[in-house]
Amino acid sequence: MLVTTSYNPSAEVLAHAQRLADTYGGRLVPRRRDSLPQIKKKFTDPAVLLVTKEEIRYYEGDEPAHFFHPSMALVRIKRLLRGEADLMLQASGAAAGDVVVDCTAGLASDAIVFAYAVGTLGGVTALESEPVPAMLIQEGLAAYESEIPELNSAMRRIAVKQMHHLDYLRQLAADSVDIVYFDPMFRQPIEESSAISPLRTHANAEAVSMEAMAEARRVARKCIVLKEHRDSKEFARLGFEQVLRSTTKTTYGVIRLC
């Protein structure tokens, strides 16, 4: 992966680019007046991480840019601040002080809402097995600034780990977290769901395994939650007997453990 900057970068942007190159095994290259396609051709690498004052953007081949944005988490937290309900929080019963493991973080939208709900006394660990999404959420959650202080605070409290959820669950003690949450790539994709679409080529498309479910049952005190297409057969396959009604194409299955 090549790491470069916007044109005429400040010393701060250059330092940021060097840190990212060092952290993620990239190669820092000067931007000068070159376009990104020219840089890819010059250094014979299809992947470029562009660092600007405002954000980082990842480009690979002819794909559109990948970048972090809180997406629907911003809208959902605005609604929560107005006193409205959130179906995921209703399904999980997430409350202040809870410890949550988001096993399939993606762009961390759900993890942000959980972090808001559990507050400063709780904790959220966001697991992402694939390096590009993990890098984008690790950096984005630490740096993104919205106009909502509660959203910013929630993002900063999330612990991101690039790790497969099964490996992580295996190392946890029994009854050590409150909620284990799965939001895998849907077996039946919802094509109009634009938030995750740009990252599909970098996402882990595997289904949740029975072994992962067994580990989730071992470590969770409160419940296991699965987000899926409302008509998905994954709920039945994985043993989710309680599936919430929904007026949208997605819904939640819940296994209550207490």
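Taking strands (runs of 3 or more DSSP E) that fall entirely within segment 1-64, which contain at least 2 residues that are touching a Phe, Trp or Tyr at 6+ places or on another chain (Cβ under 6 Å)?
Values: elements: 2-5, 47-51, 56-60.
The strands (runs of 3 or more DSSP E) meeting that bar are 47-51.
Among the strands (runs of 3 or more DSSP E) contained in segment 110-190, which hold 3 or more residues that are crowded, with 18+ Cβ neighbours inside 10 Å and modelled with pLDDT under 95? Give the derivation first.
Details: elements: 123-127, 158-161, 177-182.
Per the criteria, no element qualifies.
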Open item on the list: Taking the condition of being closer than 25 Å to Leu141 by Cβ and basic (Lys, Arg), how many residues in segment 28-62 meet it?
Closed with: 2
- [ ] For Gly83, indicate whether it is loosely packed, with under 15 Cβ neighbours inside 10 Å and either free of Cβ contacts under 8 Å to residues at least 24 places away in the same chain or not assigned by TED's automatic domain parsing to the domain that holds Val225 (or both).
- [x] yes
Open item on the list: Checking the condition of a type in the set (A, V, I, L, M) and closer than 17 Å to Gly140 by Cβ, which residue from Ala95, Ala111, Ala117 passes?
Closed with: Ala111
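Which of the residues spanning segment 42-59 are free of Cβ contacts under 8 Å to residues at least 40 places away in the same chain and surrounded by 15 or more Cβ atoms within 10 Å (Cβ to Cβ)?
Quick first cut of segment 42-59, residues free of Cβ contacts under 8 Å to residues at least 40 places away in the same chain only: 42, 44, 46, 54, 57, 59.
Arg57, Tyr59, listed by residue number.
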Task: Among residues of segment 219-232, those that are exposed (fewer than 15 other Cβ atoms within 10 Å of the Cβ) and under 15 Å from Phe182 (Cα atoms), counted - done: 0
- [ ] Give just the number: which of (1) buried (at least 22 other Cβ atoms within 10 Å of the Cβ); (2) part of a loop (DSSP other than H, G, I, E, B); (3) free of Cβ contacts under 8 Å to residues at least 60 places away in the same chain does Arg76 not satisfy?
- [x] (2)
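Kindly evaluate Ala214 against the criterion of being at pLDDT 90 or above, part of a loop (DSSP other than H, G, I, E, B) and surrounded by fewer than 16 Cβ atoms within 10 Å (Cβ to Cβ). Lay out the reasoning, then the answer.
Working: at pLDDT 90 or above: yes; part of a loop (DSSP other than H, G, I, E, B): no; surrounded by fewer than 16 Cβ atoms within 10 Å (Cβ to Cβ): yes.
No.
The values are calculated or read from the model by the stated rules, or taken from the named source; none is laboratory data. All values derive from a computational prediction rather than experimental measurement. Cβ sites come from the backbone with ideal geometry, for glycine too, and all protein chains shown count toward neighbours.
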